Amino acid sequence: MEPLTEQELLAGARSFDLAILGLIYDQFSPGLYRYAMRLLGDENLAEDCVAETFSRFLKALKAGQGPQEHLQAYLYRIAHNWITDSYRRQPPPMMELDEDLPDRENNHLERQTAAAMEQQQVRLALRSLTAEQRQVVTLRFVEGWENEAVAQALAKPVGAIRALQHRALNTLRRLLLREEKEGIYESES
C-alpha cells in the first residue's frame with residue numbers, strides 16, 4: 001500500500017477516520033516525543049506534551065479548524081506552544097546528587113555526570129533563547145529539518161528563519177562559553 005499524502009491524511013483526520021488518525025499518531029508521535037524530550041529533559045513531561053498535542057489537534061478538528069496543509073508543522077507548533085507554557089509553569093529541573101556513590105564506579109559515573117551536566121547546560125541555554133529561536137534551533141539541528149520546513153512550521157520567510165538561527169547560535173555560543181569560562185575559574189579557586 002502506498003503511503004498516504006499529507007492531503008489524504010488531513011482529509012481523513014477531518015472526517016475522523018480512526019485508521020487515519022492512528023496513522024497520523026504513529027507517524028508523528030515519535031518525532032514529537034524526541035522534540036519534547038530534548039527541550040524538557042523529562043520523560044513524563046515529554047509524554048504529556050505528545051498527548052496534549054494530539055488532544056489539541058483533535059479539538060481543533062472537532063471545531064472545524066486545524067491545518068489545511070503542513071500537518072507536521074502544525075503539530076510541532078502545538079507541541080512548541082505547550083513546551084513554552086511548561087517553561088512558564090515550572091522552574092528548570094534540578095539535578096539530584098547522591099553523595100554515597102561507590103568508588104569503583106566513580107570513573108564511569110563521572111563521565112555520565114559530565115554528560116548529564118552538559119545536557120543540562122545546553123537545555124538551560126536553550127531556555128534563554130526566545131521561543132522562536134529555540135524552535136528554529138531544535139527543528140534545524142536536533143530534528144534535522146531544512147530551512148524551508150522550519151519556515152512553514154513557523155509561518156515565516158526562509159530569510160527570517162536564517163536570521164533567527166544566526167542570532168540563536170550566537171547567543172548559545174556566548175552563553176555556553178561564559179558557562180565554560182566560569183566553570184574553569186571556579187575549579188581553579
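Bear in mind these aren't lab numbers, they're just calculated from the coordinates by the rules spelled out. Predicted, not measured: the structure shown is a model, and the values here were computed from it. Ideal geometry is used to build each Cβ from the backbone, glycine not excepted, and the neighbour counts take in all protein chains shown.
Which FRET efficiency value, to the nearest 0.05, is calculated for LYS156 and ALA60 with the Förster distance at 25 angstrom and r the Cβ-Cβ distance? Intermediate results must be reported in sequence, preceding the final value.
Details: r = 21 Å, r/R0 = 0.83.
With R0 = 25 Å, the Cβ-Cβ based efficiency is 0.75.
Hey, how many Å between the Cα centroid of region 27-51 and the Cα centroid of region 130-159? Cα centroid of region 27-51 versus Cα centroid of region 130-159: 17 Å apart.
Taking 0.36 nm per residue of separation and subtracting the current Cα-Cα distance, fully stretching the chain between HIS70 and GLU148 would add 26.9 nm. Counting only Cα atoms, the size of region 1-91 along its three principal axes is 44, 29, 19 Å, in decreasing order.
Among the GluC sites (Glu not before Pro) within region 15-90, those in coil by DSSP and having at most 10 neighbouring Cβ atoms inside 10 Å are GLU69. If the chain linking LEU4 and ASP17 were pulled fully straight, counting 0.36 nm for each residue of separation and taking away their Cα-Cα distance, it would gain 3.3 nm.
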